[in-house]
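*Asks:* Next up is a structure, given as structure tokens.
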Amino acid sequence: MDETLRGRLCRAVELALAGDWPAAHRIAQDHEGERLANWIHAIVHRMEGDLDNAAYWYRRCGREGVAQRPTDEELRLVRDELR
């Protein structure tokens, strides 16, 4: 993953952690097909309350079902992978 993409996805995580899931969603959509972007996409749909769409994006990133851990904890896991 190149540094530009890594930086954009880190920004999406920070935005989501701050509660701005719509802005994080826009970044994730811009990078559809990238595993970590798809994971962020899944998480922000959970934040939005759209669990069916979240499940779709979890499948797209190789994770089945909808995560049971809190979204902020899951976002920190994504951030750790981006480091």
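The values are calculated or read from the model by the stated rules, or taken from the named source; none is laboratory data. Everything numeric here is computed off the predicted structure, so don't read it as measured data. A quick note on method: Cβ atoms are made from the backbone with ideal geometry, for glycine too, and the neighbour counts reach across all protein chains shown. Heads up: the accessible areas ignore ligands, DNA and RNA and are worked out on the full protein's heavy atoms, side chains in. Shrake-Rupley method; radii C 1.70, N 1.55, O 1.52, S 1.80 Å.
*Asks:* Using a 1.4 Å probe, how large is the accessible area of residue 14, given in Å² and rounded to the nearest 10?
*Replies:* Surface open to solvent at residue 14 totals about 80 Å².
*Asks:* Okay, moving on. What label, among [x] 13, 23, 16, 11, 12, 15, 9, 1; [y] 12, 18, 15, 13, 13, 12, 9, 6, 2; [z] 21, 61, 17, 0, belongs to P(r) over Cα pairs in 10 Å bins from 0, in percent computed from the structure on display?
*Replies:* Among [x] 13, 23, 16, 11, 12, 15, 9, 1; [y] 12, 18, 15, 13, 13, 12, 9, 6, 2; [z] 21, 61, 17, 0, the one calculated here is [z].
*Asks:* Using Cα atoms only, what is the angle between the long axis of helix 3-17 and the major principal axis of the chain, expressed in degrees (0 to 90) to the nearest 10?
*Replies:* 40 degrees
*Asks:* If r is the Cβ-Cβ distance from residue 50 to residue 1 and R0 is 35 Å, what FRET efficiency results, to the nearest 0.05?
*Replies:* Between residue 50 and residue 1 the formula returns 0.85.
*Asks:* Answer with one residue from 27, 77, 66: the one whose Cα lies farthest towards the positive end of the charge dipole of the chain, charges on Cβ with Lys, Arg +1 and Asp, Glu -1.
*Replies:* Sorting the options by dipole projection puts first 77.
*Asks:* Right, another one. Just from its helices, what would the mean residue ellipticity at 222 nm be for the chain, if runs of 4 or more DSSP H residues each count -39500 (n - 2.57) and the sum is divided by every residue, rounded to the nearest 500 deg cm²/dmol?
*Replies:* The per-residue figure over the chain is -23000 deg cm²/dmol.
*Asks:* Show 1, 47 ordered by accessible area, largest first, where the area counts protein heavy atoms only and the probe is 1.4 Å.
*Replies:* Solvent-accessible surface, decreasing: 1, 47.
*Asks:* Under a point-charge model restricted to the Cβ atoms of Lys and Arg (+1) and Asp and Glu (-1), what is the dipole moment magnitude of the chain relative to its Cα centre, in debye to the nearest 20?
*Replies:* Computed about the Cα centre, the dipole is about 140 debye.
*Asks:* Related question: Once you have the Cα-Cα distance between residue 18 and residue 60, take 0.36 nm times their residue separation minus that, and quote the gain in nm to one decimal.
*Replies:* Stretched fully, the residue 18-residue 60 segment lengthens by 12.7 nm.
*Asks:* When the accessible area of the chain is split by element with a 1.4 Å probe, what percent falls to carbon and sulfur?
*Replies:* Whole-percent figure for carbon plus sulfur exposure: 43.
*Asks:* Rolling a 1.4 Å sphere over the protein heavy atoms, what is the accessible area per residue of the chain, to the nearest Å²?
*Replies:* Roughly 54 Å² per residue, with all protein chains present.
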